[in-house]
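Beneath this line is the structure, given in structure tokens, with notes to follow.
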Amino acid sequence: MNVIPQVVRDGFVRLLAPLVQVLVRLHVHPNVITTLGTLVVLGSATAFAAGWVQWGGVLLLLSGVFDLLDGRVAREGGRETAFGAFYDSTLDRVGEAALFTGIGVFFLRGGVAPGRMAVGVALCFVALTASLLVSYARARAEGLGIECRVGIAQRAERVLLLGAPTMALGAGNQGALLFWIVAVLALATTVTVVQRVMHVARMTGARPALRAHPRDTLPGHAAALQSRKGI
């Protein structure tokens, strides 16, 4: 189940179609778009850390547009590569790490009520760890030949849930709104990890492995690199 209906996703993609065509005609490389999107996320993280929460929300939502553009430009421009997928997925993780670190810094600097500071920082750690595990679970599953896009809190949902309310309302009274958003994200991403583990368990059952897979393998298997989005 996806929180954002597929019809909404498809509608937004159609809105971006003219821009995608312009970028393709200008021969803009998808990796350039990926890099710019990551810089926007880093700007969002910096804004959150500095206490400019509404700007943090605006920049985060803008980064979501770049997130959609790079994959579309790669596909429609015939520039899909294994390295592009790897690069995109890696920078997505950099962005998420920076984002939750920035929010944690905001909490530590007094952006939330003193009684909630420790819990708020801990929730940032949980949300960050679970977000990384969401992407790892998909990459590892696709490395085993299993499609794994299930879950209530994929990347688009996480960006929208954090970006839209903070853009409109800021951090809330004594940071209460941002605190509870991070709490919901921590819960939703953890649930998504569990959903993906259960999905892979159902798909594999008692099926024996076709070949050995080292347990310490990191995301980036060849099968997972067929898409630019490893989330």
message: Any residue that is out of contact with any Gly (no Cβ under 7 Å at 6 or more places or on another chain) and of a type in the set (S, T, N, Q) - is there at least one of those in the stretch 160-167?
response: no
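Select, from Phe107, Phe66, Phe12, Phe48, the only residue that is surrounded by fewer than 20 Cβ atoms within 10 Å (Cβ to Cβ) and over 14 Å from the mean Cα position of the chain (by Cα). So that I can check it myself, show each step before the final result.
Details: Phe107 fails: surrounded by fewer than 20 Cβ atoms within 10 Å (Cβ to Cβ); Phe66 fails: over 14 Å from the mean Cα position of the chain (by Cα); Phe48 fails: surrounded by fewer than 20 Cβ atoms within 10 Å (Cβ to Cβ).
When all the criteria are applied, what remains is Phe12.
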- request: Give the residue, chosen from Ala153, Ala171, that is under 25 Å from Thr101 (Cα atoms), at pLDDT 95 or above and not β-branched (Val, Ile, Thr).
  value: Ala171
In the stretch 98-118, the residues that are more than 20 Å from Glu157 (Cβ to Cβ) and touching a residue at least 12 places away in the same chain (Cβ under 8 Å): Thr101, Gly104, Val105, Phe106, Phe107, Leu108, Arg109, Gly111, Val112, Ala113, Arg116
- prompt: Among the listed residues Leu133, Leu144, which satisfies the condition of being in contact with a Leu (Cβ under 9 Å, 6 or more places away or on another chain) and buried (at least 16 other Cβ atoms within 10 Å of the Cβ)?
  reply: Leu144
task: Six or more apart or on different chains, Cβ under 6 Å: which pairs go from a residue in the stretch 125-150 that's farther than 19 Å from Ile103 by Cα and touching a residue at least 12 places away in the same chain (Cβ under 8 Å) to one that's buried (at least 18 other Cβ atoms within 10 Å of the Cβ) and among the small types (Gly, Ala, Ser)? Could you list them?
output: Ser135/Gly230; Ala139/Ala224; Ala139/Gly230; Glu142/Ala224; Gly143/Ala224; Cys148/Ala141
- prompt: Restricting the first residue to the stretch 61-87 and requiring it to be within 19 Å of Leu19 (Cβ to Cβ), which pairs with a second residue that is surrounded by fewer than 21 Cβ atoms within 10 Å (Cβ to Cβ) and of a type in the set (Asp, Glu) meet a Cβ separation below 9 Å and a spacing of at least six or different chains?
  reply: Gly71/Glu80; Ala74/Glu80
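The values are calculated or read from the model by the stated rules, or taken from the named source; none is laboratory data. Just so we're clear, the structure is a prediction, and the values are computed from it rather than from any experiment. Cβ: placed from backbone, ideal geometry, glycine included. Neighbour counts: every protein chain shown.
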